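The values are calculated or read from the model by the stated rules, or taken from the named source; none is laboratory data. Everything numeric in this text was worked out from a predicted model, so none of it was measured. Don't worry about glycine lacking a Cβ; one is built from the backbone with ideal geometry, like all the others, and counts go over all protein chains shown. Accessible surface is based on the protein model in full, side chains and every heavy atom, while ligands, DNA and RNA are left aside. Shrake-Rupley method; radii C 1.70, N 1.55, O 1.52, S 1.80 Å.
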Amino acid sequence: MNVLEARGVSASYGDTQVLREISFTVKKGLLVALLGANGAGKTTTLKSICGLVRPSAGTVRYDGRVISGLPVHKVAELGITLVPEGRQLFPKMTVEENLVAGSYLKKAKEKRKENLDRAYAVFPRLAERRTQMAETLSGGEQQMVAIGRGLMQSPDLIMFDEPSLGLSPLLVEEVFRVMRMLHEQGLTIFLVEQNVRQTLRIADYCYVMENGRIVQEGNGRDLESDPRVREAYLGF
Amino acid sequence: MELLPQALMDGIMLGAIYIIIAIGFSLVYGVMHVIDFAVGEWIMLGAFAGFYLTEWTHVEPMLLLPGVFVVFAAAGYLFQPLIHRVLSGHRGNPLLMGLVFTFGLGLMFRGLAQTFFGFYSHSIPSRFSNGSFFLQGGGFSTTVSSVRLAGLVYALAITGILHYLLKHTDFGLGVRALAQNRDAAGLMGVDNKRTSAFVYGIYVGISAMTGVLIGMILSLSAKMGPDFTIFAFFVVVLAGMGYLAGVPAAAFLLGIIQSFFLIYLDPGYTLLAVFAILYTILLVSPRGLFGKGV
Ligand SMILES: Nc1ncnc2c1ncn2[C@@H]1O[C@H](COP(=O)(O)OP(=O)(O)OP(=O)(O)O)[C@@H](O)[C@H]1O
Ligand SMILES: [Mg+2]
């Protein structure tokens, strides 16, 4: 079953077109990845799914319903969560307040306590720092809060925008471990990453983006053995 | 020397009024990115509402406060989308547009008030105006009218309620989220338009209530607005733009400074003197008293 389906989506910032009629699908329970170089349009793709960018053409459907054009909070109400690039925490709130902010919506509110326990179980470091102001956290800790806050939303579809960016190798492992765990629990995941090697290993299906277009797709193994992908993203 | 305790009491009283005005003003700035130069006129309109209601109904004005709040909050809630529209035009600088728009709004309210309510100063009669308390201690003594004391209690209560609302409710969580990161707040499901309209409504309602109080304690007239706008702005800048926790200290400081100057200076120069102090503080600490503004 297709949970998320984009058909011919285009988007622009002012006069510059950034997405050129891209189409992709994310099936229920799968981990689908979107790869591509800097500036390819990956973040813009995620933003046009969640309502932060309004597509100039094409449609995005979620569970069969058109969601392109909905305001961002309406998309969130449908159970779609974005863990955004650059964390985007609430800087003057504590770790715990940031997490609780994730359960702002009614559906998530009911599971606030349970999800908070789960977030602390996934990232014990956050439990130690629950009263620390978000702006004073290290980059890695901030990323944990961003992921934890996304989980607090009790999402049906969670999208990650470069969650491993700027993290130490150990933390990258940690983030991938969490994503694998969520995947095993049956969550539908749409992952944007530059860490191609690891991503190909955990993804059920991948799309590759260049200059606002989807130029290639396939499962991880196919792409890993594809000479063009090897050359462009794996460096051998 | 015997004026000192009196000035201090007056200053605390003024400061308390400035706190509630400035908190609303600061919230609106934080959430909507609007510096609302019509704040003084919302106060003025509220004061006149209190004045006429008291005249017609002969009800104690203190008891009218909740009603005034509800009516003005509803007006602010309904009015906010217009400001939102003005700001979200694609051309121009939103902060500047907000300033110009609310400035014009203030001028319009003031003009209309002068036409319909006249140029005279009034005051709202209250049962509390007659009584007073005599305070004594450390060789000093002073009298405080009970209406001023009631005003102080009111201001502290409103501050407490707002604090509770912001820090301990999900509505407040949404408001703070919006102020700190609008996109992220949207991703959490916070409805920007609706929450902003609520914040603006609460702010207008509180400003109007405070107007009634000012009409009881001091006086009211169609021209009263700009002084309060200027002080709201001073307090918020002194507290640090967007740093809500700095507001009470900044408000008391400015209130006390103002009432001391009122004793020793011609009233025409008080504002200048307060401004000079504000300016000096900003020279030393550009981001407000606590260095935590933007
Ligand atoms: N707010 C904006 N205004 C104007 N142009 C933008 C804006 N955001 C992104 N762009 C441009 O759109 C293009 C795609 O940006 P996008 O952020 O989607 O890329 P990306 O694939 O996420 O890149 P990265 O891997 O570096 O995060 C880039 O050329 C970028 O400069
Ligand atoms: Mg990006």
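Miscellaneous remarks
- Of the listed requirements (1) facing chain B (nearest Cβ under 10 Å); (2) surrounded by fewer than 20 Cβ atoms within 10 Å (Cβ to Cβ); (3) assigned to a helix (DSSP H, G or I), A:Y120 misses just one: (1).
- Among the residues of region B:45-74, those identified as out of contact with any helix residue (DSSP H, G or I) (no Cβ under 6 Å at 6 or more places or on another chain) and small (G, A, S) are B:G67, B:A74.
- Within region A:36-58, the set of residues being surrounded by fewer than 22 Cβ atoms within 10 Å (Cβ to Cβ) and at positive phi comprises A:G39, A:G58.
- 2 or more residues within 15 Å of ligand 1 (Cβ to nearest atom) and not charged (D, E, K, R): qualifying strands (runs of 3 or more DSSP E) within region A:1-82: A:2-13, A:16-27, A:31-36
- The listed residue being part of a helix (DSSP H, G or I) and open to solvent by 40 Å² or more (accessible area, probe 1.4 Å), out of B:F252, B:F228: B:F252
- Complete set of residues in region B:15-38 that are farther than 19 Å from B:L254 by Cα, part of a helix (DSSP H, G or I) and open to solvent by less than 30 Å² (accessible area, probe 1.4 Å): B:L27, B:V28, B:G30, B:V31, B:M32
- Residue that is farthest from ligand 1 (Cβ to nearest atom) [pool: residues in region A:86-105 that are more than 7 Å from every other protein chain (Cβ to nearest Cβ) and modelled with pLDDT under 95]: A:R87
- Pick from region A:73-85, criterion out of contact with any Ser or Thr (no Cβ under 8 Å at 6 or more places or on another chain) and open to solvent by 30 Å² or more (accessible area, probe 1.4 Å), ranking: nearest to the other protein chains (Cβ to nearest Cβ): A:E77
- Subset of region B:135-171 (residues that are part of a loop (DSSP other than H, G, I, E, B) and open to solvent by 70 Å² or more (accessible area, probe 1.4 Å)): B:G138, B:G139
- Test result for A:L137, more than 14 Å from chain B (Cβ to nearest Cβ) and without any contact (Cβ under 8 Å) to a residue 12 or more places away in the chain: no
- Options B:S196, B:S207: the member that is in contact (Cβ under 8 Å) with a residue 24 or more places away in the chain, within 14 Å of chain A (Cβ to nearest Cβ) and out of contact with any Ser or Thr (no Cβ under 8 Å at 6 or more places or on another chain): B:S196
- Restricting attention to region A:38-60 and to residues that are away from every other protein chain (no Cβ under 14 Å) and under 26 Å from A:I147 (Cβ atoms), the residue that is farthest from ligand 2 (Cβ to nearest atom) turns out to be A:V60.
- Against the conditions (1) away from ligand 2 (no atom under 16 Å from the Cβ); (2) in a helix (DSSP H, G or I), A:L89 satisfies every one except (2).
- Top-ranked residue in region A:124-169 [being away from ligand 1 (no atom under 16 Å from the Cβ), touching a Gly at 6+ places or on another chain (Cβ under 9 Å) and over 24 Å from B:G186 (Cβ atoms); ranked as least open to solvent (accessible area, probe 1.4 Å)]: A:G140
- Residue list for region B:176-193, filter: more than 9 Å from chain A (Cβ to nearest Cβ) and open to solvent by 40 Å² or more (accessible area, probe 1.4 Å): B:R182
- Taking the conditions (1) modelled with pLDDT under 90; (2) over 17 Å from the mean Cα position of the chain (by Cα) in turn, B:F51 satisfies each one other than (1).
- Residue match in region A:10-18 (condition: within 16 Å of ligand 2 (Cβ to nearest atom) and under 18 Å from A:V192 (Cα atoms)): yes
- Check on B:L173, free of Cβ contacts under 8 Å to residues at least 40 places away in the same chain, within 14 Å of chain A (Cβ to nearest Cβ), closer than 26 Å to B:A74 by Cβ and among the hydrophobic types (A, V, I, L, M, F, W, C): yes
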